[in-house]
Amino acid sequence: MEQFKGTRFKRSDWGELRWILPFVLPAFALIALVILYPFGLAMYYSLTDYNLMRPLSRSFVGLGNYLEILRSGYFWDSLWKTTYFTLLSVGLEFVLGLWAAVFLNKKFRGRGFLRALIILPWALPTVVNGMMWQWIFDANYGALNGLLSQLGFIKHYVIWLGEPFMALNSVIVADVWKNFSFIALLLLAGLQTIPAELYEAATMDGASGWRRFWKVTFPLLKPSILVALVLRTIEAFKVFDIIYMMTKGGPADGTQVLSFYIYRESFQFLHLGFGAALSFMVSVGILILAVVYIKGLYTEVEY
Amino acid sequence: MKNQSRQGKMWLLSGVVLIFMFTAFGLLAAGAFAAEKTTITVLSSDDFAAFRKAAIPDFEKANPDIKVNLISVGYDQLHDKIVTALAGGATGFDVIDVDEIWTAEFVEAGFLADVTDRVTAEMKKGIVPAGMNILTYQNRFWGLPMFVDTKFFYYNNDLLAKAGFKTPPQTWAEFVEQSKKLQEKKLVKYATIWGWGQHEGLICDVVSIFPAFGGRFIEPNGKFVVNNPDNVRALQFMVDLLYKYKAADPASITADDRSMLNSFIAGDVAFGLNWSFAWGIIDDPSQSKVAGKVRLALMPGEKKKSASGAGSMGLGIASGSRRKDAAWKFIAFLAERQQQKNQAINYGALPIWQSLYTDPEVQKKHPALAEMSSQLKYAVSRPRLTWYSEFSRVLQLEVHNALTQNKSPKQALDDAQKEIERLAKKYGNK
């Protein structure tokens, strides 16, 4: 934008604009129609008691929905579960992803093959991933119980998805398996932009491998890390599909994360007003997370 | 000069594009008018979708001006699919599949068209009341039942004989006794598996077990009694089956009526609750290891002789449909005696016509008509509330809290009672 500052709109620009506008306007109208309009409408709904079951008796309730959310036990319970899910899954994905990226950045035979392989979990649709892990975790016929009992680690089959806290952790495992590869890919791309001379210079100065990683790799990788963490945190915070496939929020609400709670309120009970208010609460949560990341991690990189 | 010719070209291009678009739209519109056929779209559950699909060619032959487009989804997706499709009076679907627990909700939301004037005197007289009731609300008719159904008690007679039992359990206490014996003799690892994941199927089993112990949810005067002592005793029994008697596969907590059926047809368990559609699968040697060994008995009782959760479904017309006449023709066609007979004989469903229960051909060819129809007397409906989804959600959660031993049965049902009373107040006890 900088270079446009100060240039006045000239009469001769109109000729150009006359041709540009008709091409831009449809796209703009489309965006307004599919993003701005629903956004405004949802914000309005969040201030009403709109219930599809009684569509005619819609009335304005102000901040009533938001107050009810703050008083609702379901909300705090699912907020806690979502936070736990997000922290643990993104944390594990980051550690595994960073390790895989550093490993795949080294030169060795078969590296190309492994690099291609690591895309696989990420390329799998989440729904398919959810179904696959549901089968792996199946108490009677699942591969995990079969493996663990054959290796002698467990005597009785474990009902992985049958105990609330265990089920939440099991879903996290499935999510980590799929998404660590996404972080690995992003970080691998970041690693490849770091000039080799920097390592040579560091080695020359006598820096150990660990020190090279902390003093060279990590600071220069920060932008990639930032992008990876922001994207994954936002995704994890609004996780829905893998829960829907694997546990449907059960057992005993053990995996009822925020998105699933919103889905229940909006589409099972048809409380559109309440559901809209919940969605805005989640959006605010995500916004706060994003700001924290950017403030904490964003630094200009200079070589 | 150069600039002018560029502008000219642009105008020409725009003109060509416009002409092309108008032609395309014109052709499309002409095509729509040329087709005289009315196409109706039916949204059906997967259960018995095979029968409905097979009936379409016959219907289209009898009604050459109507074309039927049937879309089927799994039961678990059906409610959400209907709600999202019909919200705001959309006209995408003409006929929708309605579970008996949704009637009140859908009518209040304005999703269903009133068909009271279309229902014939013959239908009112000939269709069994248990069926006709499911789509009746506020003394008006909102569709026709397609089959009558409840949960049934299936048992593996082969395993029972090996354990030395000549008859299936008649009470839940006997059920535990037989289960223990079956497990002691190592005939099965667990005597039964239930579909007790946190979903609607759990409530269908709850209304099969709670009433047998004398329990109920609503008093005749409309007061909720979710935590009455009989219900607590029944829930304690369910918990004990898992942890004290260890007579049920612990995986029950994650199962639904489809996955429990997989264990049953593999011969891994001796007892199981399921709907009538299960019979077609259990008795099919290409799918089931236990075909020919399984029988159907009256659901065990305790205080009461027997009880089983009702789950009939029917078809109604979407209120936004512009093809209501054609839609009704299709519904009425599937409800006809001949079609119902076919559905009973070839797909194992219980027919809606009283007369078909005594029809010699149906009696001869339906595998379990006598057993099934004697269970119908003990069918228990889930509460009819416009806010049933929320009622069920609370009950599912609290029953699950007991089944996963998060709470004692008493505590769980006390909490359910409190939350349900709050909801009832919010919705004006409707």
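Which count do you get for residues in region A:136-185 that are away from chain B (no Cβ under 12 Å) and more than 24 Å from A:Val257 (Cβ to Cβ)?
Step one: filter region A:136-185 for residues away from chain B (no Cβ under 12 Å), giving A:136, A:143-144, A:146-155, A:168-169, A:171-185.
Then keep just the ones that are more than 24 Å from A:Val257 (Cβ to Cβ); that gives A:143, A:146-155, A:184-185.
The total comes to 13.
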Away from every other protein chain (no Cβ under 14 Å) and over 18 Å from A:Tyr84 (Cβ atoms), is that true of A:Ile294? yes
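Would you say B:Gln343 is under 27 Å from B:Asp117 (Cβ atoms) and not in a strand (DSSP E or B)?
It is true that B:Gln343 is under 27 Å from B:Asp117 (Cβ atoms) and not in a strand (DSSP E or B).
Which ones in region B:102-134 are within 12 Å of chain A (Cβ to nearest Cβ), open to solvent by 30 Å² or more (accessible area, probe 1.4 Å) and β-branched (Val, Ile, Thr)? Steps first, answer last, please.
Kept after step one, since they are within 12 Å of chain A (Cβ to nearest Cβ), are these residues of region B:102-134: B:102, B:104-111.
Within this subset, residues satisfying the condition of being open to solvent by 30 Å² or more (accessible area, probe 1.4 Å) are B:108, B:110.
Residues satisfying the conditions do not exist here.
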Got at least one residue in region A:125-133 being open to solvent by 40 Å² or more (accessible area, probe 1.4 Å) and among the aromatic types (Phe, Trp, Tyr)? no
Check A:Thr247 against each of (1) open to solvent by 10 Å² or more (accessible area, probe 1.4 Å); (2) facing chain B (nearest Cβ under 9 Å); (3) closer than 25 Å to A:Tyr50 by Cα and name the one condition it does not meet. (3)
Hey, does region B:286-301 have a residue that's farther than 30 Å from B:Pro168 by Cα and surrounded by fewer than 24 Cβ atoms within 10 Å (Cβ to Cβ)? no
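Take the residues in region A:259-274 that are within 25 Å of A:Tyr293 (Cβ to Cβ) and surrounded by fewer than 24 Cβ atoms within 10 Å (Cβ to Cβ); name whichever of them is nearest to the other protein chains (Cβ to nearest Cβ). I'd like the intermediate steps shown before the answer.
Restricting attention to region A:259-274, the residues satisfying the condition of being within 25 Å of A:Tyr293 (Cβ to Cβ) are A:259-262.
Narrowing the set further to residues that are surrounded by fewer than 24 Cβ atoms within 10 Å (Cβ to Cβ) leaves A:259-260, A:262.
Details: A:Ser259: 14, A:Phe260: 11, A:Ile262: 13 Å.
My answer is A:Phe260.
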Taking only pairs six or more apart or across chains, which ones have beta-carbon atoms under 8 Å, a first residue in region A:148-165 that is closer than 23 Å to A:Thr247 by Cβ and in the same structural domain as A:Thr255 (by TED's automatic domain parsing), and a second residue that is open to solvent by 40 Å² or more (accessible area, probe 1.4 Å) and among the aromatic types (Phe, Trp, Tyr)? A:Ser149/A:Tyr157
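Using the structure shown, decide if B:Ile331 is touching a strand residue (DSSP E or B) at 6+ places or on another chain (Cβ under 6 Å) and closer than 25 Å to B:Asn69 by Cα. Steps first, please.
Values: touching a strand residue (DSSP E or B) at 6+ places or on another chain (Cβ under 6 Å): yes; closer than 25 Å to B:Asn69 by Cα: yes.
Here the answer is yes, as B:Ile331 does meet what is asked.
Conditions (1) more than 14 Å from B:Gln417 (Cα to Cα); (2) open to solvent by less than 10 Å² (accessible area, probe 1.4 Å); (3) not in a helix (DSSP H, G or I), marked per residue:
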position: B:Gln198; (1), (2), (3): yes, no, yes
position: B:Val206; (1), (2), (3): yes, yes, no
position: B:Ala212; (1), (2), (3): yes, yes, no
position: B:Pro220; (1), (2), (3): yes, no, yes
position: B:Asn231; (1), (2), (3): no, yes, no
position: B:Ala234; (1), (2), (3): yes, yes, no
position: B:Tyr245; (1), (2), (3): yes, no, yes
Scan region B:173-195 and give yes if some residue there is open to solvent by less than 20 Å² (accessible area, probe 1.4 Å), under 30 Å from A:Tyr244 (Cβ atoms) and more than 14 Å from every other protein chain (Cβ to nearest Cβ), otherwise no. no
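When you scan region A:275-287, do you find a residue that is among the hydroxyl-bearing types (Ser, Thr, Tyr) and either closer than 27 Å to B:Ser392 by Cβ or open to solvent by 50 Å² or more (accessible area, probe 1.4 Å) (or both), even just one? Explain how you work it out, then say what you get.
Initially, region A:275-287 is screened for residues among the hydroxyl-bearing types (Ser, Thr, Tyr), giving A:279, A:283.
Subset that is either closer than 27 Å to B:Ser392 by Cβ or open to solvent by 50 Å² or more (accessible area, probe 1.4 Å) (or both): A:279, A:283.
Yes.
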Inside region B:366-405, the number of residues satisfying the requirement of being in a strand (DSSP E or B) and within 14 Å of chain A (Cβ to nearest Cβ) is 0
Here the residues within region B:104-139 that are assigned to a helix (DSSP H, G or I), among the charged types (D, E, K, R) and touching a residue at least 12 places away in the same chain (Cβ under 8 Å) are B:Glu105, B:Glu108
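Of the residues that make up region B:354-365, is at least one open to solvent by 40 Å² or more (accessible area, probe 1.4 Å), hydroxyl-bearing (Ser, Thr, Tyr) and within 14 Å of chain A (Cβ to nearest Cβ)?
If we filter region B:354-365 for residues that are open to solvent by 40 Å² or more (accessible area, probe 1.4 Å), which is where we start, we get B:354-355, B:358, B:360-361, B:363-365.
Cutting the leftovers down to hydroxyl-bearing (Ser, Thr, Tyr) gives us B:355, B:358.
Cutting the leftovers down to within 14 Å of chain A (Cβ to nearest Cβ) gives us none.
No, region B:354-365 has no match at all.
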Do you know which residues across region B:336-372 are modelled with pLDDT under 90 and among the aromatic types (Phe, Trp, Tyr)? B:Tyr347
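How about region A:187-233: which of its residues are aliphatic (A, V, I, L, M), without any contact (Cβ under 8 Å) to a residue 60 or more places away in the chain and out of contact with any Leu (no Cβ under 7 Å at 6 or more places or on another chain)?
Taking region A:187-233 first, the residues aliphatic (A, V, I, L, M) are A:187-189, A:191, A:194, A:196, A:198, A:201-202, A:204, A:207, A:216, A:220-221, A:225-231.
Now narrow it down to the ones that are without any contact (Cβ under 8 Å) to a residue 60 or more places away in the chain: A:189, A:194, A:196, A:201-202, A:204, A:207, A:216, A:221, A:227, A:231.
Those that are aliphatic (A, V, I, L, M), without any contact (Cβ under 8 Å) to a residue 60 or more places away in the chain and out of contact with any Leu (no Cβ under 7 Å at 6 or more places or on another chain): A:Ala189, A:Ala196, A:Ala201, A:Ala202, A:Met204, A:Ala207, A:Leu231.
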Go through region B:251-279 and give me each residue that's more than 27 Å from B:Gln343 (Cα to Cα) and buried (at least 22 other Cβ atoms within 10 Å of the Cβ). B:Ala251, B:Ser252, B:Ile253, B:Thr254, B:Ala255, B:Val269, B:Ala270
Being within 14 Å of chain B (Cβ to nearest Cβ), within 30 Å of B:Asn401 (Cβ to Cβ) and either open to solvent by 20 Å² or more (accessible area, probe 1.4 Å) or in a loop (DSSP other than H, G, I, E, B) (or both): is that true of A:Gly254 here? yes
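Residues being part of a loop (DSSP other than H, G, I, E, B) and open to solvent by 30 Å² or more (accessible area, probe 1.4 Å): count how many of those fall in region A:206-240.
Taking region A:206-240 first, the residues part of a loop (DSSP other than H, G, I, E, B) are A:206-208, A:238-240.
Okay, now just the ones that are also open to solvent by 30 Å² or more (accessible area, probe 1.4 Å), so A:206, A:208, A:238, A:240.
So the count comes out to 4.
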Against the condition within 14 Å of chain B (Cβ to nearest Cβ), under 21 Å from A:Glu93 (Cα atoms) and not aliphatic (A, V, I, L, M), how does A:Thr217 come out, does it pass? no
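The values are calculated or read from the model by the stated rules, or taken from the named source; none is laboratory data. The model shown is predicted, which means the values in this text are computed figures rather than measured ones. Note that each Cβ is placed from the backbone with ideal geometry, even for glycine, and that neighbours are counted across all protein chains shown. All accessible areas refer to the heavy atoms of the entire protein, side chains included, with ligands and DNA or RNA removed. Shrake-Rupley method; radii C 1.70, N 1.55, O 1.52, S 1.80 Å.
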